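The values are calculated or read from the model by the stated rules, or taken from the named source; none is laboratory data. Predicted, not measured: the structure shown is a model, and the values here were computed from it. When we count neighbours, we look across all protein chains shown, and the Cβ atoms used for this are built from the backbone with ideal geometry, even at glycine.
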Amino acid sequence: MTIQDHPSFAAQFQRLFIWAWLIDTGLFAGSLYSLKHHYMMLGWTLAVGFGVFTVFILGYGYYQLFNITCPNCGGLTTTQKDNAQQIWIAKCKHCNVAWNLKIGTKRID
Ligand SMILES: [Zn+2]
């Protein structure tokens, strides 16, 4: 099995989390601002929205991570963390390729 860099996953995944972070920060800040200015209904709605959105985005990110299609054949891969190299890889049995998702904590050169 050969290791290749996945062409698009890291960029998509990072974009998702940048947007999620911006929305989450906005909800949190809006909630604090509203509560401070005694808009209780709005403040608590935003606070609940913050909690729900955080759970949703973690679930969605998890789903994305474990449902990666192979860039070569379009088949579903098996996602694993390679503990030795501290990287996430998606294995395609059909192509015999391990896609390096490039979202690990360590870079391999
Ligand atoms: Zn494949």
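Worth pointing out:
- Residue count, segment 11-48 (criterion: at pLDDT below 95 and of a type in the set (Gly, Ala, Ser)): 1
- Boolean, Leu65 is closer than 18 Å to Lys102 by Cα and touching a residue at least 12 places away in the same chain (Cβ under 8 Å): yes
- Scanning segment 49-60 for residues that are under 14 Å from the mean Cα position of the chain (by Cα) and over 20 Å from Ile103 (Cβ atoms) returns Phe53, Val55.
- Lys102 being touching a His at 6+ places or on another chain (Cβ under 9 Å) and in contact (Cβ under 8 Å) with a residue 24 or more places away in the chain: yes
- Cβ separations smaller than 8 Å between residues 6+ apart or across chains give the following pairs from segment 49-60 residues that are in contact (Cβ under 8 Å) with a residue 12 or more places away in the chain and closer than 15 Å to Ala29 by Cβ to residues that are part of a helix (DSSP H, G or I) and of a type in the set (Phe, Trp, Tyr): Phe50/Phe28.
- Residues that are touching a helix residue (DSSP H, G or I) at 6+ places or on another chain (Cβ under 6 Å) and closer than 11 Å to Gln4 by Cα were ranked within segment 72-108; the one that is modelled with the lowest pLDDT is Lys102.
- Matching residues in segment 64-88 - criterion: being in a strand (DSSP E or B) and within 14 Å of the ligand (Cβ to nearest atom): Thr69, Leu76, Thr78, Thr79
- Residue within segment 9-26 that is assigned to a loop (DSSP other than H, G, I, E, B), in contact (Cβ under 8 Å) with a residue 12 or more places away in the chain and within 16 Å of the ligand (Cβ to nearest atom) present: no
- Filtering segment 29-48 for residues that are within 20 Å of the chain's Cα centre (by Cα) and surrounded by 13 or more Cβ atoms within 10 Å (Cβ to Cβ) leaves an empty set.
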